1. Take Gln131 and tell me if it is assigned to a loop (DSSP other than H, G, I, E, B) and free of Cβ contacts under 8 Å to residues at least 60 places away in the same chain.
2. Contact list please: Cβ distance under 7 Å, first residue in the range 177-206 and within 22 Å of Val256 (Cα to Cα), second residue assigned to a loop (DSSP other than H, G, I, E, B) and of a type in the set (Ser, Thr, Tyr), pairs at least six apart or on different chains.
3. Could you check, for the range 83-104, whether at least one of its residues is among the basic types (Lys, Arg) and under 30 Å from Asp164 (Cα atoms)?
4. So which of Asp121, Asp99 ends up being at pLDDT below 95 and surrounded by fewer than 22 Cβ atoms within 10 Å (Cβ to Cβ)?
5. Could you name every one of the strands (runs of 3 or more DSSP E) located completely within the range 1-115 that has at least 1 residues being closer than 22 Å to His284 by Cα and not hydroxyl-bearing (Ser, Thr, Tyr)?
6. Cβ-Cβ below 8 Å, separation at least six or inter-chain, first residue in the range 102-116 and touching a residue at least 60 places away in the same chain (Cβ under 8 Å), second surrounded by fewer than 18 Cβ atoms within 10 Å (Cβ to Cβ): which pairs?
7. Being of a type in the set (S, T, N, Q) and within 19 Å of Ala193 (Cα to Cα) is the filter; apply it to the range 234-257 and report the residue that is surrounded by the fewest Cβ atoms within 10 Å (Cβ to Cβ).
8. So in the range 84-96, with the set limited to residues that are surrounded by fewer than 20 Cβ atoms within 10 Å (Cβ to Cβ) and under 19 Å from Asn66 (Cβ atoms), which one is modelled with the highest pLDDT?
Amino acid sequence: MLFTDQLSPCQQIICSLFPGMNLWIKRDDLLHPLVSGNKFRKLKYPLLALRGQQPHLVTMGGPWSNHLHALAHAAALHGYAATALVRGHVGMHSATLDDCRQSGMQVHFVTHEAYRLLRDDPLQWRQHIAQLTEQHVWLPEGGSAPEALHGVAEIVRELPLTPDIIAVACGTGATLAGLLAGLRGQAQVIGVAAFKNAGYLHQEIARLLQQADYPAYDNYQLLTEHHHGGYAKTSPALARFCQQFTDETGIPLEPVYTGKMLFALSQLWFAGAIPRQARVVAIHTGGLQGARGFTKTAGAELAHFQKSEE
């Protein structure tokens, strides 16, 4: 069974990018070699609820989606069929989609307009399944179902210290919402949005908490100006930061999520926006497979991917 009681280490950070800071990093990138980071936690309870069944999982994502990559492997490990509705066109290639196919996931491309409809209408996915049966089970983009919050909330009780601040990268807002659920109103969460125009995540966080039967916790900040140009985009400063952090700590980063979060956290520290005595835990949400999109050999694919996210 994939979702056993599996813990990730929490490692203290000594790094010149955070001089004097009481910083720890929760290494969820080490939870599983293929079902990575926050995706492991977000998929845990939705998939455990399907034990004893033979579902056909249906979900959506982009060509470098960490969620698709994790779900493809989780489905294969459980013996479940899986289909991905991917924003793009027939013939589009990425290493992530290659991995998904090799794990047995079916990949169906949809237009950008159809993808937007999938986001807006929770039943729209049914229009893309030729022979719909009761075995088909929908998992939303990023695995961000309300049940996903229960798995993320478990991070808090695994920590070896009581933090004053937890920092996390934000895509759909579900990981931040899950941390709020686990903290139960204690401490503060700093969420760093990985893309432009992310203010709507406030509504998503509130919705997820409500649907998962948690109180309307609001002990968090959402930072929306640290995206380095947009989703799946980077900058020379961010690239240098990620490399230096890895060189000094031995911890690999990707520049899409965790790299942006740590860069923002470093800037806040140097600006004096974090109390000097604060105990800070940064969540490494994994997704290192997505860093393959930044290699020279994948340059053309990445350029197309970035354009599709604008």
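1. yes
2. Qualifying pairs under 7 Å: Ala193/Thr224; Ala194/Tyr231; Ala194/Tyr257; Phe195/Tyr231; Ala198/Thr224; Gly199/Thr224; Glu204/Thr172.
3. No, because not a single residue in the range 83-104 is among the basic types (Lys, Arg) and under 30 Å from Asp164 (Cα atoms).
4. One residue alone meets the criteria, Asp121.
5. Output list reads 10-13, 22-27, 56-61.
6. His112/Ser308
7. So the residue we want is Ser235.
8. Result: Ala95.
The values are calculated or read from the model by the stated rules, or taken from the named source; none is laboratory data. The model shown is predicted, which means the values in this text are computed figures rather than measured ones. Don't worry about glycine lacking a Cβ; one is built from the backbone with ideal geometry, like all the others, and counts go over all protein chains shown.
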